[in-house]
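Participant: Pasting in a structure now, in C-alpha cells, and then I'll have a few things to ask.
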Amino acid sequence: MKVGLLALQGAIGPHADALRELGAVPVEVRTPAQLADVDALIIPGGESTTISKLLDTSGLAQPLRDRLAAGLPTFGTCAGMIVLARTVLDGRADQNSYDAIDITVRRNAFGRQVDSFEADLAVDGLDAPLHAVFIRAPFVEQVGDGVDVLAAVDGHPVLCRQGAVLVSAFHPELTADRRLHELFLTLV
Ligand code: GLN
C-alpha cells in the first residue's frame with residue numbers, strides 16, 4: 001500500500017517511520033503526478049497557512065480537492081487537520097481549507113507555542129490511553145452529523161473521523177505508539 005506524505009512543509013520523517021513499521025510504503029508527494037499515484041495520504045503538522053499557500057503554488061490544490069472528493073483516505077495531523085476541515089476559525093483570510101471532514105476547527109486554540117502540552121487521551125476504540133503531543137494545536141468547535149469524535153481534551157474534540165478521513169489535533173508520529181497510524185491503515 002502506497003501512502004503519500006504531503007511534503008510541502010512540516011516534518012514527515014516520523015510519519016514515514018511509522019508507516020514503514022506497519023508495512024506500508026511512504027511516498028513523498030510534491031507534485032500532481034505523485035498525488036495521482038498514492039492509495040492514501042497523510043497531511044502532516046507544520047503551519048497550515050504555509051501548506052495552503054504551497055498547495056496553490058505547486059499546482060496540487062485542485063488535484064487534491066478532486067481526490068478528496070473521490071474519497072481518498074486521508075489522515076491530517078495538527079496543521080493537516082486544519083487543511084482538511086470544512087471551516088477554519090482564526091485562520092488567515094487567504095488560507096484555504098479542503099472540506100474533507102465536516103468540522104469547524106480553531107487554529108492555535110490551546111494558545112501559543114508556550115502553551116504546547118502532552119496528555120494521555122482516552123480514545124474511543126483503543127483499550128489503553130494514548131499519549132499525545134500538542135504543539136500550537138487546534139481544537140474542534142463543531143462537528144457535523146457524520147463525524148465521530150474519538151477523543152477530546154476538556155470537552156474539545158481533538159481526534160475525529162468521518163468515513164476514511166481521520167484528523168488529530170496532536171502529533172501521533174512523535175511518540176512510539178503506532179495505534180493511530182494502524183487505525184488509519186484499516187480505513188484505506
Ligand atoms: N498552529 C499551526 C497551524 O495553524 C499548527 C501547528 C502544528 O501543526 N503543530 O497550522
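Taken together, the values in this text are just the output of simple stated rules run on the coordinates, not laboratory data. Nothing here was measured: the structure is a model prediction, and the numbers come from that model. Positions of Cβ are backbone-derived with ideal geometry, glycine not excepted, and every protein chain shown enters the neighbour counts.
Participant: Quick test for you: out of Ala119, Ala132, Ala152, Ala128, pick the one residue that is in a strand (DSSP E or B) and either away from the ligand (no atom under 16 Å from the Cβ) or on the phi > 0 side of the Ramachandran plot (or both).
Facilitator: That would be Ala152, the only listed residue that is in a strand (DSSP E or B) and either away from the ligand (no atom under 16 Å from the Cβ) or on the phi > 0 side of the Ramachandran plot (or both).
Participant: Looking only at segment 79-96, filter to residues that are buried (at least 20 other Cβ atoms within 10 Å of the Cβ) and under 22 Å from Thr31 (Cβ atoms); which one of those is farthest from the ligand (Cβ to nearest atom)?
Facilitator: Out of the qualifying residues, it is Leu84.
Participant: For segment 72-87, name all the residues that are within 8 Å of the chain's Cα centre (by Cα) and small (Gly, Ala, Ser).
Facilitator: Within segment 72-87, Gly76, Ala79, Gly80 meet the criteria.
Participant: I've got another one for you. Among the residues of segment 66-78, are any of a type outside the set (Ser, Thr, Tyr) and within 11 Å of the ligand (Cβ to nearest atom)?
Facilitator: Yes: one or more hits.
Participant: Further question on the same structure: Search segment 7-24 for residues being small (Gly, Ala, Ser) and under 17 Å from Glu47 (Cα atoms), and hand back the single one that is nearest to the ligand (Cβ to nearest atom).
Facilitator: Gly10
Participant: Now for a different question. Can you name the residue in segment 29-53 that is farther than 14 Å from Val83 by Cβ and in contact (Cβ under 8 Å) with a residue 40 or more places away in the chain and, of all such residues, is nearest to the ligand (Cβ to nearest atom)?
Facilitator: Among residues in segment 29-53 that are farther than 14 Å from Val83 by Cβ and in contact (Cβ under 8 Å) with a residue 40 or more places away in the chain, the one nearest to the ligand (Cβ to nearest atom) is Ala40.
Participant: Something else about it: Tell me, which helices (runs of 4 or more DSSP H) lie completely within segment 21-94 with 3 or more residues that are over 18 Å from Arg107 (Cα atoms)?
Facilitator: Answer list for segment 21-94: 32-36, 48-57, 61-69.
Table: residues versus (1) farther than 21 Å from Ile43 by Cβ; (2) crowded, with 22+ Cβ neighbours inside 10 Å.
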residue	(1), (2)
His131	yes, no
Pro138	no, yes
Asp177	no, no
Leu180	no, yes
Phe184	no, yes
